[in-house]
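Participant: Have a look at the structure that comes next, please.
The values are calculated or read from the model by the stated rules, or taken from the named source; none is laboratory data. These numbers were taken from a predicted model, which means no experiment stands behind them. Backbone-built Cβ (ideal geometry, glycine too); neighbour counts: all protein chains shown.
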Amino acid sequence: MSTTQRQAVYQAVKSVLTEAGIEFYDGINAKSVMTKEHRSQVNAILCVGFMTGQIDFKQTEANKAKLASESLLKEYVSGLQSNWLAKDDRLNGGVDHEIKNPGSRSGSGDEQLKALRALFSTITNPSDQAEIQAMIDARVAEIKPVKTVSINYDALPEHIRAKYTK
């Protein structure tokens, strides 16, 4: 039976920190106590887990390539570790994870945008490129998520609060 990637990262971090004599508890800010050597040890544990099939890994062509290439797998597990050190509340010190660049991947799943970008890469005529780029920009604007801003109106000065409170 295999384990989830999240659980595998948690177990590997717990094992490495405990072995290093660092008191481990759920809710620890693991990133703040991880050294380069600790991260390397966690990566090694995760690589072995993927190669032996102990960690869940969808059998896509891209993932098969990662398993076949040591360097691609190392790159993947390094990102995986960073991801769960930031997102897993058992490892991130209880801090709510905030996405640094929300919407930065907008359009990555949009077929029309993919086709436009592929077409753009084949065009050499500057006026045709400009036309296609305008279509790309329009499509990105069309599918871009709406940015929401949270305002604590109670923290504003009274006269500002009265003027702008909705």
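Participant: Pairs only if they're at least six apart or on different chains, beta carbon under 6 angstrom, first in segment 67-90 and at negative phi, second in a loop (DSSP other than H, G, I, E, B) and exposed (fewer than 14 other Cβ atoms within 10 Å of the Cβ); list them, first residue then second.
Facilitator: Pairs that qualify, where the first residue is at negative phi and the partner is in a loop (DSSP other than H, G, I, E, B) and exposed (fewer than 14 other Cβ atoms within 10 Å of the Cβ), are Ala86/His97; Lys87/His97; Arg90/Asp26.
Participant: Collect the residues in segment 107-135 that are part of a helix (DSSP H, G or I) and either of a type outside the set (A, V, I, L, M, F, W, C) or on the phi > 0 side of the Ramachandran plot (or both), keeping them in residue-number order.
Facilitator: Glu111, Gln112, Lys114, Arg117, Ser121, Thr122, Pro126, Ser127, Asp128, Gln129, Glu131, Gln133
Participant: So, restricting to helices (runs of 4 or more DSSP H) that lie completely within segment 1-53, which ones have at least 2 residues that are within 18 Å of Leu73 (Cα to Cα), of a type in the set (Ser, Thr, Tyr) and assigned by TED's automatic domain parsing to the domain that holds Leu80?
Facilitator: Hits in segment 1-53: none.
Participant: Another question, then. In segment 136-166, which residue that is assigned to a loop (DSSP other than H, G, I, E, B) and hydroxyl-bearing (Ser, Thr, Tyr) is surrounded by the fewest Cβ atoms within 10 Å (Cβ to Cβ)?
Facilitator: Checked segment 136-166; the qualifying residue surrounded by the fewest Cβ atoms within 10 Å (Cβ to Cβ) is Ser150.
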